[in-house]
Amino acid sequence: MSGDTTLVNGRALDALVREIVAEVLVVPAEAVVPGVALMRDLGAESIDFMDLVFRLEEALELEIPYARWQRFLEAHLPGGQLAARITPAVVEAFAAAELARP
Amino acid sequence: MTERVAVTGAGVVTPIGCGYEAYRDGLRAGQSGCGPITRFDCAGLDTRIAAEVCEADAALEAWVEPRKAVKTMSRAALFAVAAAAMARRHAGLERGGADPARVAVVMGAGGMGPTDLDLLATQVQAAIDAARDGGTGAWDIPTFARLFAGRTNPLATLRGLPNLAAAHVAIQHDARGPNATITTACCAGTQAIGEGLRLIQRGDADVVLAGGTDAAVNPVAVLGFSLLGTLSRRNDEPARASRPFDRGRDGFVVGEGAGVVVLEREAFARARGARVLAELAGYGLTCDAYRITDERPDADGAARAISACLADAGLAPREVEYVNAHGTGTRMNDVTETRALVRSLGPCAGVIPVSSTKSMIGHLLAAAGAVELVAAIVALREGFVPPTINLEAPDMECDLDYVPNVARPATPASALSTSFGFGGQNACLAIRRW
């Protein structure tokens, strides 16, 4: 979970991200806990990340080319092994970065 | 190969019942699944009736594993996956009960138009907005593309692929053997099951999940068939609109749903102690090579498909004890099919019960052949032949025993199921008591 509480339309970003992840992966919201790995633990596959970025676009009212998510992963999670390393915190950090863009 | 091929399970999603038992009960009761169209606003259309699946989406989605897979399923794919899961359970074939490389899937699919109404609506709205934004009132593709891309979840576009029904079934059942999608429209379900038979006979599979699916109760398909003059317009009496072989028939009623059967190589079925529903005994396939919608008046292509099927099954005409007809209820088909049956079955045609279950469930297009084979299996096992309902006064040229209106107690030992598609594509299957 992030230290500061970024708000989107009055909602905490971390809660919003958890809700979107649960919708995308069709799992109960309670399953989206800090540290859970979306691929290894919740069955996320490549198309689910496209779905995720699309829903972030809608929720954040931004345009987010999918390539930016891919570049974010390369920059923040170098070295591969993404199955165990993409967690809700990673998604939240990406969303925060997109919100912060001028 | 001299081993027989067994049908060990059947799953159906239909307008009169989902699952083998509910479907059987509906057939026995002569129930009609035809009613006013509710899936979309059809005000002003010439045809405002259809046969819609009676089960809620949530109940069908309960058959999908993992549930997440629903996101890339069209309505037709969802039907197929639910029917396949029901069939597998009906067969009592556990996951891991077969070598995955020897489990195949053959699915009839890809009927007219898109089956995903949400995707269609997004496309249409983007086109409308693009025309308005561009100020020309015409379809401005660059603007459409920008609007569509901005509004469309990439996953939704996958739902438009007809081969995904077979893919989803394969994923859920770990079926790593041959995988095929058959797109011969009205004939596809029958052809898919026939091709499944051949896969086992050729030694390429031990188990085949074979069937068909379609979800054509959508504006594009209903309008398309309506413009071609093929649909009944009996909007004020939907339950009486599908009337194959009847003098007052005026076309078919579009239906939706899916049927899947589990086929198994004999030795494989015996080794696991499978309960066998019937032997899938024969398959015939021909093409009229005549016209796109008209059938050959002499019914040559259809008759040859039936004859080829009988020869393949080693069945003489007098051994056929029930025919589940294609029987769409169009002016042309019912006469042509009657001629085809007379040509192929000879004098026996007059005494063999022939019924069209489309009178009850409508025309399920790519799924029709599959759910109709299951109706033939019901006839072999459940002590009755399903009726042709709404048969009040047979057409003068339709003079066979169509089992009018009421299911008839009977114990047929063998049966045929016929399907004839637009484009002149003809298929016939034969089943026999095991």
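For every residue, the table says whether it meets (1) open to solvent by 10 Å² or more (accessible area, probe 1.4 Å); (2) within 20 Å of the chain's Cα centre (by Cα).
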{"position": "B:5", "(1), (2)": "no, no"}
{"position": "B:30", "(1), (2)": "yes, yes"}
{"position": "B:33", "(1), (2)": "yes, yes"}
{"position": "B:50", "(1), (2)": "no, yes"}
{"position": "B:55", "(1), (2)": "yes, yes"}
{"position": "B:58", "(1), (2)": "yes, no"}
{"position": "B:67", "(1), (2)": "yes, no"}
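If a residue must be part of a helix (DSSP H, G or I) and closer than 21 Å to residue B:216 by Cβ, how many such residues does region B:5-57 contain? Write out each step before concluding.
Step one: of region B:5-57, the residues part of a helix (DSSP H, G or I) are B:20-29, B:57.
Add one more test, that the residue is closer than 21 Å to residue B:216 by Cβ, and what stays is B:23, B:26, B:57.
Number satisfying all stated conditions: 3.
Strands (runs of 3 or more DSSP E) wholly in region B:176-288 with at least 2 residues that are open to solvent by 10 Å² or more (accessible area, probe 1.4 Å) and either of a type in the set (Lys, Arg) or touching a strand residue (DSSP E or B) at 6+ places or on another chain (Cβ under 6 Å) (or both) - which ones? If you could, list the steps in order and put the result at the bottom.
Numbers: elements: B:179-182, B:207-215, B:256-265, B:278-287.
Of the strands (runs of 3 or more DSSP E) lying wholly inside region B:176-288, those with at least 2 residues that are open to solvent by 10 Å² or more (accessible area, probe 1.4 Å) and either of a type in the set (Lys, Arg) or touching a strand residue (DSSP E or B) at 6+ places or on another chain (Cβ under 6 Å) (or both) span B:179-182, B:278-287.
Filter region A:34-51 for residues that are part of a helix (DSSP H, G or I) and out of contact with any Asp or Glu (no Cβ under 9 Å at 6 or more places or on another chain) and give the result.
A:46, A:47, A:48, A:49, A:50
Condition first: among the charged types (D, E, K, R) and in a loop (DSSP other than H, G, I, E, B). Now tell me which residues in region B:289-309 satisfy that.
Just the residues of region B:289-309 that are among the charged types (D, E, K, R), to begin with: B:291, B:294-296, B:298, B:300, B:304.
The answer is B:291, B:294, B:295, B:296, B:298.
Would you mind telling me which numbered condition in (1) of a type outside the set (Ser, Thr, Tyr); (2) open to solvent by less than 10 Å² (accessible area, probe 1.4 Å); (3) assigned to a loop (DSSP other than H, G, I, E, B) residue B:373 fails?
(3)
Quick check on this structure: which one of B:146, B:89 is open to solvent by 50 Å² or more (accessible area, probe 1.4 Å), out of contact with any strand residue (DSSP E or B) (no Cβ under 7 Å at 6 or more places or on another chain), within 14 Å of chain A (Cβ to nearest Cβ) and in a helix (DSSP H, G or I)?
Working: B:89 fails: within 14 Å of chain A (Cβ to nearest Cβ).
None of the others qualify; the one that does is B:146.
Cβ-Cβ below 7 Å, separation at least six or inter-chain, first residue in region A:48-72 and at the interface with chain B (Cβ under 10 Å from one of its Cβ atoms), second open to solvent by 40 Å² or more (accessible area, probe 1.4 Å) and β-branched (Val, Ile, Thr): which pairs?
No pair meets every condition.
Hey, any hits in region B:400-413 for a residue that's over 24 Å from residue B:286 (Cβ atoms), of a type outside the set (Asp, Glu) and without any contact (Cβ under 8 Å) to a residue 24 or more places away in the chain? Steps first, please.
Taking region B:400-413 as the starting set, the residues that turn out to be over 24 Å from residue B:286 (Cβ atoms) are B:401, B:403-413.
Narrowing the set further to residues that are of a type outside the set (Asp, Glu) leaves B:403-413.
The next check asks that each one be without any contact (Cβ under 8 Å) to a residue 24 or more places away in the chain; those that pass are B:404.
Yes, region B:400-413 contains a residue that is over 24 Å from residue B:286 (Cβ atoms), of a type outside the set (Asp, Glu) and without any contact (Cβ under 8 Å) to a residue 24 or more places away in the chain.
Please go through region A:1-41 and give me each residue that is of a type in the set (Val, Ile, Thr) and open to solvent by less than 60 Å² (accessible area, probe 1.4 Å), ordered by number.
Applying the first criterion (of a type in the set (Val, Ile, Thr)) to region A:1-41 yields A:5-6, A:8, A:17, A:20-21, A:24, A:26-27, A:32-33, A:36.
The answer is A:6, A:8, A:17, A:20, A:21, A:24, A:27, A:32, A:36.
Hey, any hits in region B:416-426 for a residue that's in contact with a strand residue (DSSP E or B) (Cβ under 7 Å, 6 or more places away or on another chain), of a type outside the set (Gly, Ala, Ser) and either in a loop (DSSP other than H, G, I, E, B) or over 28 Å from residue B:293 (Cβ atoms) (or both)? So that I can check it myself, show each step before the final result.
Of region B:416-426, the ones in contact with a strand residue (DSSP E or B) (Cβ under 7 Å, 6 or more places away or on another chain) are B:416-420, B:424-426.
If we keep only those that are of a type outside the set (Gly, Ala, Ser) as well, we get B:416, B:418, B:420, B:425-426.
When the remaining residues are screened for being either in a loop (DSSP other than H, G, I, E, B) or over 28 Å from residue B:293 (Cβ atoms) (or both), the result is none.
No, region B:416-426 contains no residue that is in contact with a strand residue (DSSP E or B) (Cβ under 7 Å, 6 or more places away or on another chain), of a type outside the set (Gly, Ala, Ser) and either in a loop (DSSP other than H, G, I, E, B) or over 28 Å from residue B:293 (Cβ atoms) (or both).
Would you be able to tell me the number of residues in region A:16-33 that are over 13 Å from residue A:49 (Cα atoms), part of a helix (DSSP H, G or I) and either out of contact with any helix residue (DSSP H, G or I) (no Cβ under 6 Å at 6 or more places or on another chain) or in contact (Cβ under 8 Å) with a residue 12 or more places away in the chain (or both)?
Qualifying residue count, region A:16-33: 5.
The values are calculated or read from the model by the stated rules, or taken from the named source; none is laboratory data. Every value quoted in this text rests on a predicted model; they were computed, and no experiment measured them. Using ideal geometry, Cβ is built from the backbone for each residue, glycine included, and neighbour counts are taken over all protein chains shown. Quick note on the areas: whole protein, heavy atoms, side chains included, nothing else; ligands and nucleic acids left out. Shrake-Rupley method; radii C 1.70, N 1.55, O 1.52, S 1.80 Å.
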